[in-house]
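Comments concern the structure below.
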Amino acid sequence: MLVSLIALAFVAYRNCFDVFIPGDNYCFLYMFEKWDAAAILKNVREGAPYFVAYPILYLLYQLLGIDPAWWMVISITLHAANAFFVFLIAKCLLKKILNDQTAVVASFSALLFLVSPYQTESVLWTSINIRWLFHSLVTLAGIYFLLGYLENAGRKKIFAVHFLFLLGLFSYEFTMVCPLIYTVLFMLHRKLNTTGLRPKMFLTRIILPQIIFISGYFVVCKLVSGHWLWHAGTIGDITQTSDYSKTLLKYFAKFFIFYRYLPIGKTDQALRALSENSRLMTLSVIF
């Protein structure tokens, strides 16, 4: 299955091997060129404590330089590996519900993930998003091992869950949502009576250690960067955006309409239509 997904991914992105999209975070590559490995710590101090992601980016830069073809090979391979874990996770979950056609439905899920335009930004924006793809890989792998742990508890599996969680946490902070995801999966298994793990054991062996890891992340961020939160240091800086509605509409198109981006003209027309409909609905309620 993995080989098939890799082959399909290379076919889907066959015209993209000369893509090298400039971005503001390309300064990381410049810093690697100027200060070599010492730039890893400098990037950490000026950004976030990505003690896993930045060394990976540095290693790839030393190996690949700025040759877009090889960056794309790594990017596409990681994307296919992520699709493979989507297949494994879907298969684990579906076998709780479906008796037949589990592999077929799981394969279709992986295929949608692989070729969805929703994923192209992460695949093509290579030199920056390599760490995003790696973060996705270890996070999905952690979910898969957790499912295995819920079915048949073992020390190796719980070690794998926490090790992958740490790799993800220090590659990109979105891994912080994993305890919530893990809790939902545990509750599902309890409802279906497919796990012998007790709630107290789950909390002490899975959730509590990860809360400690997350707390450690904030402490490290404070010690290294001088602020408790990542990036600019405040929630306002993280959440601030100029146009939420336009961004949401674009991602709605990518995810549900299977379309990469709406043209600017059509985006503006759609936003005007949504705004007009909202005003009409408001007036109808008032009167």
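The values are calculated or read from the model by the stated rules, or taken from the named source; none is laboratory data. What you see is a predicted model, and the numbers here were worked out from it, not measured in a lab. Neighbour counts run over all protein chains shown; Cβ positions are idealised from the backbone, glycine included.
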Notebook entry, point to check: What tally of residues in segment 1-55 results from selecting those that are out of contact with any Ser or Thr (no Cβ under 7 Å at 6 or more places or on another chain), in a helix (DSSP H, G or I) and at pLDDT 85 or above?
Noted result: 11
Check: Which residues, counting only those in segment 157-192, are closer than 13 Å to Ile206 by Cα and charged (D, E, K, R)?
Finding: Lys157
Notebook entry, point to check: For the subset of segment 155-198 comprising residues that are surrounded by 14 or more Cβ atoms within 10 Å (Cβ to Cβ) and of a type in the set (Lys, Arg), which member is farthest from Val44 (Cα to Cα)?
Noted result: Arg190
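Quick check, is Ser171 out of contact with any Pro (no Cβ under 9 Å at 6 or more places or on another chain) and not in a helix (DSSP H, G or I)? If you could, list the steps in order and put the result at the bottom.
Numbers: out of contact with any Pro (no Cβ under 9 Å at 6 or more places or on another chain): yes; not in a helix (DSSP H, G or I): yes.
Criteria met by Ser171.
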Check: How do the pairs read when you match residues in segment 198-209 that are of a type in the set (D, E, K, R) with residues anywhere that are surrounded by fewer than 12 Cβ atoms within 10 Å (Cβ to Cβ) and at pLDDT below 95, using Cβ under 7 Å and keeping only pairs 6 or more apart or on different chains?
Finding: none
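So is Met187 touching a residue at least 24 places away in the same chain (Cβ under 8 Å), at negative phi and hydrophobic (A, V, I, L, M, F, W, C) or not?
Details: touching a residue at least 24 places away in the same chain (Cβ under 8 Å): no; at negative phi: yes; hydrophobic (A, V, I, L, M, F, W, C): yes.
No, not satisfied.
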Note to self: With the structure loaded, tell me whether Gly148 is surrounded by 22 or more Cβ atoms within 10 Å (Cβ to Cβ) and either over 12 Å from the mean Cα position of the chain (by Cα) or in contact (Cβ under 8 Å) with a residue 12 or more places away in the chain (or both) or whether it fails that test.
What the structure shows: no
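Inside segment 60-164, counting only helices (runs of 4 or more DSSP H) that do not spill past its ends, which hold 2 or more residues that are at pLDDT below 85?
Details: elements: 68-94, 102-115, 120-124, 126-151.
It comes to 120-124, 126-151.
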